[in-house]
Every structure is written in C-alpha cells, then in structure tokens.
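J.: First, the structure itself, so that you have it in front of you.
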Amino acid sequence: MLALLPTASLCQTDAGTIPTGTPLALAIEQNCPMRTGQPIRAHLLYPVYANNNLLLPKDTIIVGTVVALRPD
C-alpha cells in the first residue's frame with residue numbers, strides 16, 4: 001500500500017475525485033528497500049479518467065510513502 005500525495009502537474013485538468021482503493025498502474029523510478037515509512041517516487045503508466053474527464057495524464061509524478069506491507 002502507498003499513501004499518495006498530489007503534486008503539481010504541467011497541464012490543467014478538471015477537478016475530480018478518484019475513489020479510495022482505485023488501483024493505479026505505476027512505474028517506480030528507482031530500486032528502494034520496502035519498509036514502512038519509505039518514501040517512493042513513481043509515474044503513472046496510463047491516464048486516469050472519470051466521467052469522460054481526464055483527471056491525471058500519463059506520466060504524472062506520484063509521490064508517497066509505504067504505509068503497510070503484506071507478504072506474498
């Protein structure tokens with residue numbers, strides 16, 4: 001699980017809300033140890049739409065922290 005924080009985007013999009021628990025396809029930018037509290041920086045692999053409105057464009061930078069780990 002990641003806690004995601006919004007960051008500034010290079011383009012304007014309409015305001016909208018992504019429901020809690022919505023899976024996002026992310027690519028982590030570097031290898032990092034997986035432990036609670038570890039900061040993570042990634043980018044979106046696909047754009048996110050709601051009601052035919054673009055909420056987050058592809059390659060939006062996502063910054064967050066690991067809040068929980070689950071074993072395989």
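Taken together, the values in this text are just the output of simple stated rules run on the coordinates, not laboratory data. Just so it is clear, the model here is predicted, and its values are computed rather than measured.
J.: Once the piece of chain linking Thr36 and Arg70 is laid out straight, how much longer is it, given 0.36 nm per residue of separation minus the C-alpha distance between them?
T.: 11.2 nm
J.: Pull out the extension gain between Ala25 and Asn51, defined as 0.36 nm times the separation in residues minus the alpha carbon to alpha carbon distance; nm, one decimal.
T.: So the extension gain works out to 7.4 nm.
J.: Moving on to the next point. Using every pair of alpha-carbon atoms in the stretch 18-72, split the distances into 10 Å bins beginning at 0 and state the percent of pairs per bin, rounded to integers.
T.: Going from the shortest bin to the longest, the percentages are 21, 49, 25, 5.
J.: Further question on the same structure: For Gln38, what residues show an amide H to amide H distance below 5 Å, using hydrogens built from the backbone and excluding near sequence neighbours?
T.: Here the answer is Val66, since their amide H atoms fall under 5 Å of that of Gln38.
J.: Using each residue's phi in the stretch 26-37, evaluate 6.51 cos²θ - 1.76 cosθ + 1.60 at θ = phi - 60° and report the 3J(HN,Hα) Karplus result to the nearest Hz, with x for Gly and Pro.
T.: Per-residue couplings from phi come out as 10, 10, 6, 7, 8, 5, 8, x, 8, 8, 4, x Hz.
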